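The values are calculated or read from the model by the stated rules, or taken from the named source; none is laboratory data. Computed from a predicted model, the values in this text were never measured in an experiment. Ideal geometry is used to build each Cβ from the backbone, glycine not excepted, and the neighbour counts take in all protein chains shown. Heads up: the accessible areas ignore ligands, DNA and RNA and are worked out on the full protein's heavy atoms, side chains in. Shrake-Rupley method; radii C 1.70, N 1.55, O 1.52, S 1.80 Å.
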Amino acid sequence: MKTTISVSYRSVQLFRILLSGIFLVASFNHILNLEKTINRIDQARFKGIAYFFGNPEYLIIISGVIMMIAGFLLLVGYKTKWAAMALAAVLVPITLTVQVGQIHTLGPLFKNIAILGGLLFFILNDIQTFQKQ
């Protein structure tokens, strides 16, 4: 049984635009502050996750580029579902590596969980069917 709800087109548009901002800012931080980001990984309790996938320097650059491209696509509303999936694919390993295990800083962990919830909205819903009102 499929249930539908009425949602304002403008609210979905604002949600998409505002959600994209954190990824655009993070992408520039990854690329422009590479050493600082590497240090954050090296200090993380679960840094082995990052090292399992390869050289953290390359992973940071790749994730920065993905966040920049997919964040921009989310911002402009092009291929939104695919952009959200790419951003979630980057967000989950970052969260597991850097945020999990930081018991004294649960705020950033739950911020990332909330952001993942926002991405899931765009992954699970066909926003092309929202009507402009």
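Of note:
- Taking segment 6-96 and the helices (runs of 4 or more DSSP H) fully enclosed by it, the elements with 3 or more residues that are aliphatic (A, V, I, L, M) and over 15 Å from ILE123 (Cα atoms) are at 9-32, 34-43, 56-76.
- Pair list, Cβ under 7 Å, 6 or more apart: segment 12-35 residue in contact (Cβ under 8 Å) with a residue 40 or more places away in the chain and of a type in the set (D, E, K, R), other residue part of a helix (DSSP H, G or I) and surrounded by 15 or more Cβ atoms within 10 Å (Cβ to Cβ): ARG16/LEU74; ARG16/THR80; ARG16/PHE122
- The conditions of being surrounded by 12 or more Cβ atoms within 10 Å (Cβ to Cβ), touching a residue at least 60 places away in the same chain (Cβ under 8 Å) and either not in a helix (DSSP H, G or I) or not hydrophobic (A, V, I, L, M, F, W, C) (or both) are met by GLY118.
- Within segment 60-82, the set of residues being surrounded by 14 or more Cβ atoms within 10 Å (Cβ to Cβ), without any contact (Cβ under 8 Å) to a residue 40 or more places away in the chain and touching a helix residue (DSSP H, G or I) at 6+ places or on another chain (Cβ under 6 Å) comprises ILE60, SER63, GLY64, ILE66, LEU73.
- Single match in PHE23, PHE28 (criterion: open to solvent by less than 70 Å² (accessible area, probe 1.4 Å) and either under 21 Å from ALA84 (Cα atoms) or within 17 Å of the chain's Cα centre (by Cα) (or both)): PHE23
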